[in-house]
Amino acid sequence: MLNMNCIRELARNVGNNHVKLCGVTWSRHLSSPSTSQDSKKPKTGIMMLNMGGPQSTDQVHEYLLRIMTDRDMIQLPFQSKLGPYIAQRRTAEVQQKYKEIGGGSPIFKWTTLQGELMCKKLDAESPATAPHKHYVAFRYVNPLTDDTLDQIERDGPERVVIFSQYPQYSCATSGSSFNAIFSHYKGRKLPAGVKWNVIDRWATHPLLAKCVAERIRTELDQFDESCRNDVLIMFSAHSLPLKAVNRGDAYPFEVGSTVQLVMQELGYSNPHSLVWQSKVGPLPWLSPATDDALKAYVKQGKKNFILVPIAFVNEHIETLHEMDIEYCHDLQKELGKDVTIRRAAAPNDHPLFIDALCDLVKSSLNGALPAVGLKFLTRCPHCTNTRCLQSKEWFSQICS
Ligand code: FES
């Protein structure tokens with residue numbers, strides 16, 4: 001578990017050549033896009049899509065501005081004016097949160113480490129498609145999707161696997177990244193001779209479930225045996241506006257499917273619940289909210305909890321600040337000394353998680369998975385976004 005000590009370590013080490021986090025020393029090269037595979041021309045490129053997070057507080061405003069003006073992520077009235085206004089207004093508050101977790105998001109470092117470990121394993125296990133090279137493609141901070149696509153073109157791999165790092169698909173997150181790739185190539189030529197594959201969702205991958213179950217067992221072991229079976233496992237995922245849910249977004253049921261697999265892996269050893277965090281604005285979102293649910297369960301007499309980030313594959317602001325500081329520390333204090341709230345680590349560099357990533361890429365490359373899934377090519381029943389329509393038609397063509 002990443003505790004307050006780890007957060008303080010991260011805070012002390014940001015900007016150093018060697019970063020010590022929870023007893024592990026990371027070299028500076030983990031924060032650089034270059035990898036050990038750079039010297040060889042890759043045969044297979046693996047593009048790891050995620051939203052990203054600011055690596056320093058001076059990137060916060062631009063990060064928020066890109067989010068608030070992305071109509072796939074959020075739809076606001078008068079968005080070109082209101083979006084920048086909200087981004088400006090929220091900058092100081094969000095900067096303060098990043099300061100409290102060490103000055104920036106570790107998502108780039110984790111994604112880079114995951115990519116390196118995945119490619120090393122793929123090179124060993126799948127020589128026919130080697131060398132493999134990972135490319136980080138973030139939606140709202142560097143390395144941005146457009147720049148990463150340019151880099152892939154310069155490197156010239158024969159195959160490219162576009163691999164969403166969100167296990168559960170939402171049009172607001174994964175969908176936005178895929179639409180950004182479509183927009184990049186709108187009006188420009190695709191690189192010649194490249195074979196494209198898409199991995200858009202993997203909520204029910206068995207190794208993902210095994211990895212999360214392992215993370216939970218580690219935390220369960222911290223509780224006294226006398227109360228261990230009563231610990232309430234609270235799976236917490238980023239919430240989504242009900243407007244998106246009612247449009248037909250697959251995210252809530254895909255998150256639920258991961259929860260079921262994890263509980264099956266644990267043999268339903270404990271009570272569990274699925275709750276939602278990080279809501280912003282006054283409109284209705286998926287609920288119950290994580291903090292409200294914790295308070296309500298304490299009123300019902302529950303005392304021991306493990307929070308599980310079920311839709312985040314690496315640590316970032318929602319785990320390090322919202323879960324660790326706001327819930328496990330601040331809210332726990334408010335709820336009383338006899339209440340314990342622990343938090344399971346995100347998958348990060350867990351070997352089972354790296355195995356899951358490799359298995360997905362291998363299955364995509366060897367045809368065990370379709371080049372692009374039918375679910376991905378099917379729009380939400382109430383989608384009115386023409387970019388989704390055009391984007392899905394385009395992906396269907398390039399992956400055929
Ligand atoms: Fe879901 Fe367009 S909003 S496909």
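Skip the ligands, DNA and RNA, and give the accessible area per residue of the stretch 314-382 with a 1.4 Å probe, whole Å².
Values: 2830 Å² over 69 residues.
Roughly 41 Å² per residue, with all protein chains present.
Less than 19 Å apart at the alpha-carbon level, and either on another chain or at least 8 residues along: which lysines does that give for LYS243?
Once the sequence-local lysines are set aside, what remains near LYS243 is LYS279.
What are the semi-axes of the equivalent ellipsoid for the chain, taken as the square roots of 5 times the Cα gyration tensor eigenvalues, largest first, in whole Å?
33, 24, 22
Where the only charges are on Cβ atoms (+1 Lys, Arg; -1 Asp, Glu), what is the dipole of the chain about its Cα centre, to the nearest 20 debye?
Result for the chain is approximately 820 debye, rounded to the nearest 20.
Can you sort TYR85, TYR98 by solvent-accessible area, 1.4 Å probe, largest first? Can you show the working numbers first?
Working: TYR85 125, TYR98 5 Å².
Greatest to least solvent exposure: TYR85, TYR98.
By how many nm would the segment from LEU389 to ALA124 lengthen if fully extended, with 0.36 nm per residue of separation less the alpha-carbon distance?
Net length gain for the segment: 91.5 nm.
Taking only Cα atoms, what is the 0 to 90° angle, nearest 10, from helix 351-365's long axis to the longest principal axis of the chain?
The answer is roughly 30 degrees.
Arranged from highest to lowest average of other beta-carbon atoms within 10 Å per residue, in what order do the peptides 291-302, 378-389, 135-146 appear?
Details: 291-302: 15.1, 378-389: 13.6, 135-146: 21.2.
In decreasing order of mean packing, 291-302, 378-389, 135-146 become 135-146, 291-302, 378-389.
How about LYS99: which aspartates and glutamates have a C-alpha closer than 18 Å to its C-alpha, ignoring those fewer than 8 places off in the same chain?
Counting by Cα, and skipping residues close in sequence, LYS99 has these aspartates and glutamates nearby: GLU9, ASP58, GLU62, GLU315, GLU318, GLU322, ASP324, GLU326, ASP330.
Report, to the nearest 10°, how far helix 290-299 tilts away from the longest principal axis of the Cα atoms in the chain, using its own Cα long axis and a range of 0 to 90°.
Relative to the chain, helix 290-299 is tipped by roughly 20 degrees.
Thinking of the stretch 32-180 as a set of Cα atoms, what percent of all their pairs are more than 28 Å apart?
Everything past 28 Å amounts to 26 percent.
Work out, step by step, the length gained on full extension between LYS97 and ASP349: first 0.36 nm times the residue separation, then minus their alpha carbon distance; give nm to one decimal.
88.3 nm
Which residues in the stretch 49-79 place their backbone N less than 12 Å from a point set 7 Å from the Cα of LEU283 along the Cα-to-Cβ direction?
Counting backbone N atoms under 12 Å from the label point, the list is 71-79.
So, with a 1.4 angstrom probe, what is the percent of accessible area on the stretch 291-332 that is carbon and sulfur?
Working: 630 of 1410 Å².
Ligands and nucleic acids excluded, carbon and sulfur give 44 percent.
Given the peptides 108-121, 220-233, 313-326, arrange them by the average over their residues of other C-beta atoms within 10 Å, most packed first.
So the peptides 108-121, 220-233, 313-326, ranked by packing, come out 313-326, 108-121, 220-233.
Which lysines have a Cα less than 16 Å from the Cα of LYS186, not counting those fewer than 8 places away in the same chain?
The qualifying lysines are LYS392.
Calculate the spin-label point distance for GLN222 paired with SER183, positioning each point 7 Å from the Cα along the beta-carbon direction, and give it in nanometres.
According to this spin-label approximation, the distance is 4.0 nm.
The values are calculated or read from the model by the stated rules, or taken from the named source; none is laboratory data. On a predicted model such as this, the values are computed, not experimentally measured, just so you know. Every residue, glycine as well, gets a Cβ built from its backbone with ideal geometry; the counts of neighbours run over all protein chains shown. The protein model used for the area step is the full one, side chains on, heavy atoms only, and it has no ligands, DNA or RNA in it. Shrake-Rupley method; radii C 1.70, N 1.55, O 1.52, S 1.80 Å.
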